[in-house]
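What follows is calculated from the coordinates using simple rules that are stated; it is not laboratory data. Only a predicted model underlies this, so the values are computations on that prediction, with no experimental measurement involved. All Cβ positions, glycine included, derive from the backbone under ideal geometry; neighbour counts span all protein chains shown.
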Amino acid sequence: MLQRSLMMGGRSDGLDRHKDWRLDVDKMSYEELLELGDRIGYVNTGLREEEIICCLRKTKLSISGGFPLHFPTEMERKCSICQEEYDTEDDMGKLDCGHLYHIHCIKQWLVQKNTCPVCKTAAVTQC
């Protein structure tokens, strides 16, 4: 009871002082959601070029015998972003978390989001 009272702003009569401020996006129409998006605006969670350079280690993929020996699963034999298998001597980008991607794929990803596509670890915490 005390917890509910505190959640309601200290009022014990059960009235929600902020009820009019809350949005129920599940009940909004597509047009209402578009209008809300216009009001909120665009928030960029991606990285700038210098931040991408700071967090990305460029490397070459050397494949011997058809597949890399250091890829234990078939899923790791292809880029998680474009879903293409790695070819001999592909330019690769490696994040601090250890995941590898085609360099052009991960750069495009990091412009949009500051996270690893696989493990969601922040690509750049600080440079």
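Listed by chain and number, the aspartates and glutamates whose C-alpha is less than 15 Å from the C-alpha of Lys120, apart from same-chain residues fewer than 8 away, are Asp96. How much net charge surrounds Leu100 when only other residues with a Cβ under 9 Å from its Cβ are counted (Lys, Arg +1; Asp, Glu -1)? After counting each charged neighbour, the total is 0.
What number comes out for the charge environment of Leu33, summing +1 per Lys or Arg and -1 per Asp or Glu over other residues with Cβ under 12 Å away? Within the 12 Å Cβ shell, the charges total -4.
Once backbone amide H atoms are built at 1.01 Å from N, Lys113 has Leu47 as its partners under 5 Å, excluding neighbours fewer than 5 places away on the same chain. In order along segment 109-114, the Karplus-derived 3J(HN,Hα) couplings, from 6.51 cos²θ - 1.76 cosθ + 1.60 at θ = phi - 60°, round to 5, 5, 5, 8, 9, 9 Hz, and Gly and Pro are given as x.
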